[in-house]
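Just so it is clear, none of the values below were taken in a lab; they were calculated from the coordinates. What you are looking at is a predicted structure, and each value in this text was computed from that prediction instead of being measured. With ideal geometry, Cβ positions are generated from the backbone for all residues, glycine too; neighbour counts draw on all protein chains shown.
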Amino acid sequence: MDINSLKVLFTEEEIQNRIKELADEMNNFYRGEEVYSVCVLKGAVMFATDLVKSLNMPVKMEFIRLSSYNGGTTTSGKVNAVDISLPDLNGKNVLIIEDIVDTGLTAKFLLDFMNCNFHTKSTKFCSLLDKKTARVTDVEPDYYGFEVDDKFLIGYGLDYDGYYRNLKFIGYIEKQV
Ligand code: PRP
């Protein structure tokens with residue numbers, strides 16, 4: 001991938017402003033509560049760490065690792081639970097944090113996993129990006145930052161073959177056929 005072909009979709013400022021708006025909503029919803037955040041590695045790492053810094057309730061940060069992409073620009077259609085070890089979340093407020101909901105297979109897998117294993121006080125799903133047109137499941141995030149078109153997105157946690165997660169902005173390349 002030629003980095004120069006990357007077009008900016010959301011600037012660093014747009015991302016950070018939207019994260020603060022999402023955090024404000026959450027600060028209202030969780031007022032007086034404690035929260036377990038569950039960051040889905042690797043893609044959500046940037047979003048999760050920036051989001052929790054703007055939350056004002058006590059937060060315990062958990063990390064799990066799921067994978068569905070093949071390394072390039074195509075999803076395998078199968079969710080691989082690389083590491084899904086979590087503490088006892090019974091009776092807890094759980095906030096799942098993702099970078100993107102695409103087909104929704106990862107989100108569905110995770111929500112089913114939570115339902116099967118825990119009776120939480122609440123389970124909310126937050127994704128920075130929501131690619132609604134790519135959905136093959138009926139899951140919808142409770143919170144999302146931006147709705148996006150069906151483009152291949154890179155940066156701010158989203159990778160191309162493992163690279164470019166460190167970009168402060170989100171860019172896109174046209175889908176490869
Ligand atoms: C990406 C993203 C989500 C998932 C969304 O993860 O971080 O977890 O795909 O796609 P879906 O809605 O079609 O399931 P990926 O498998 O690329 O792993 P990564 O987070 O380590 O990059």
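List of remarks:
- Unit charges on C-beta of K, R, D, E only; dipole of the chain, Debye: 260
- Gyration tensor (alpha-carbon) shape descriptor, segment 1-52, a/c threshold 1.5: oblate
- Rg/Rh ratio calculated on Cα atoms of the chain (Kirkwood radius): 0.95
- DSSP-assigned coil residues among GluC sites (Glu not before Pro) in segment 21-114, each with at most 15 further Cβ atoms within 10 Å: Glu33, Glu34
- Note, ³J(HN,Hα) from phi for segment 136-145, Karplus 6.51, -1.76, 1.60, rounded to Hz, x at Gly and Pro: 10, 10, 9, 7, 10, x, 6, 10, 9, x
- Segment 1-123: relative contact order as a whole-number percent, Cα under 8 Å and 6+ apart: 25
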